[in-house]
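Have a look at the structure below before the remarks.
The values are calculated or read from the model by the stated rules, or taken from the named source; none is laboratory data. In this text the structure is predicted, and so the values were computed from the model without any measurement. Virtual Cβ from ideal backbone geometry, glycine too; neighbours counted across all protein chains shown. To get the accessible areas, we keep the full protein, side chains included, count just its heavy atoms, and leave off ligands, DNA and RNA. Shrake-Rupley method; radii C 1.70, N 1.55, O 1.52, S 1.80 Å.
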Amino acid sequence: MTDSLGYRMKFGVIAPSTNTSVQPEFDDMRPVGVTNHFSRIIIPDDPVHSDEDFNELVMRIRAETMNAIDAVKTCSPGAMIMGMSAETFWDGKERADTLKAQVEERAGMPVAMGSDACQAALAKMGGIKRIAVITPYMPIGDEQVRKFFTDCGYEVVTVKGLKCKSPMLIAHESEQTLRDAIIEVNDPSVEAIIQAGTNLAMARVGAIAEFWLDKPVIAINTATYWHALRMNGIEDKIQGFGSLLSHH
């Protein structure tokens, strides 16, 4: 017997307790027969006014991540998705690979995370070398993202950090703000635009921008869910979230 609703796949998803964007965006992309089951990394919604505050936020997430994994494992998912991104980019590619190994060991199942998903998405688009990045982070977080993509062999032309004032307030950034950020980083030499930060609801805006700019605009939640589906053999094409889900 299989799960009555998640008969193709049950995803266990871990996300910060302050995050209100990743769950609805993942659910909007969910194919029939696939279900998403969230476990929250409990953190306070403390103000973020500096690099020091942002670093403390990441450390709080890191300290609680394994507890969230243990909780969602009790529903016996078939695979796990990390629904937060800052930690997956932190300290570059080598640290990201170490984190994935640690999480997979604790989870006992395949794990999809944002940094890997962005690499896979860029590779699928083919031949991309110069990218721009949008984040909700303070400068210390922006530099971690830059380091990760540089480690992966990409030239990061620019990183636009929105410097959101708390983890919960990331979700309050409007579609107009995200549109303006895309326009700002869209240098003609930029071959793709990447957005980090799973609490920025950019799946819809990214798809619209990709159509008008005629270049990949990859929202982290779209990339991560696409990667989770594909690495688990689910090839459904889903419309409304850009070419990654509709064509790859």
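The table that follows gives values for the structure above.
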quantity: Of residues in the stretch 188-214 being open to solvent by 10 Å² or more (accessible area, probe 1.4 Å) and touching a strand residue (DSSP E or B) at 6+ places or on another chain (Cβ under 6 Å), the one nearest to Val133 (Cα to Cα); calculated: Glu191
quantity: Residue match in the stretch 16-23 (condition: over 16 Å from Gly197 (Cα atoms) and open to solvent by 20 Å² or more (accessible area, probe 1.4 Å)); calculated: no
quantity: Identity of the residue in the stretch 73-98, in contact with a Phe, Trp or Tyr (Cβ under 8 Å, 6 or more places away or on another chain) and among the aliphatic types (A, V, I, L, M), that ends up farthest from Glu25 (Cα to Cα); calculated: Ala96
quantity: Odd one out for Ala120 among (1) modelled with pLDDT of 95 or more; (2) in a helix (DSSP H, G or I); (3) more than 16 Å from the chain's Cα centre (by Cα); (4) aliphatic (A, V, I, L, M); calculated: (3)
quantity: Qualifying positions in the stretch 135-179 - of a type in the set (Val, Ile, Thr), over 18 Å from Val217 (Cα atoms) and surrounded by fewer than 18 Cβ atoms within 10 Å (Cβ to Cβ); calculated: Ile140, Thr150
quantity: Single unsatisfied condition, Ala79 versus (1) open to solvent by less than 50 Å² (accessible area, probe 1.4 Å); (2) more than 16 Å from Met113 (Cβ to Cβ); (3) not basic (Lys, Arg); calculated: (2)
quantity: Filtered residue count, the stretch 30-51, keeping only those that are touching a residue at least 60 places away in the same chain (Cβ under 8 Å) and within 28 Å of Lys163 (Cβ to Cβ); calculated: 8
quantity: Of residues in the stretch 61-76 being of a type outside the set (A, V, I, L, M) and closer than 18 Å to Gln23 by Cα, the one least open to solvent (accessible area, probe 1.4 Å); calculated: Thr65
quantity: Residue list for the stretch 70-89, filter: of a type in the set (A, V, I, L, M) and out of contact with any helix residue (DSSP H, G or I) (no Cβ under 9 Å at 6 or more places or on another chain); calculated: Ala71
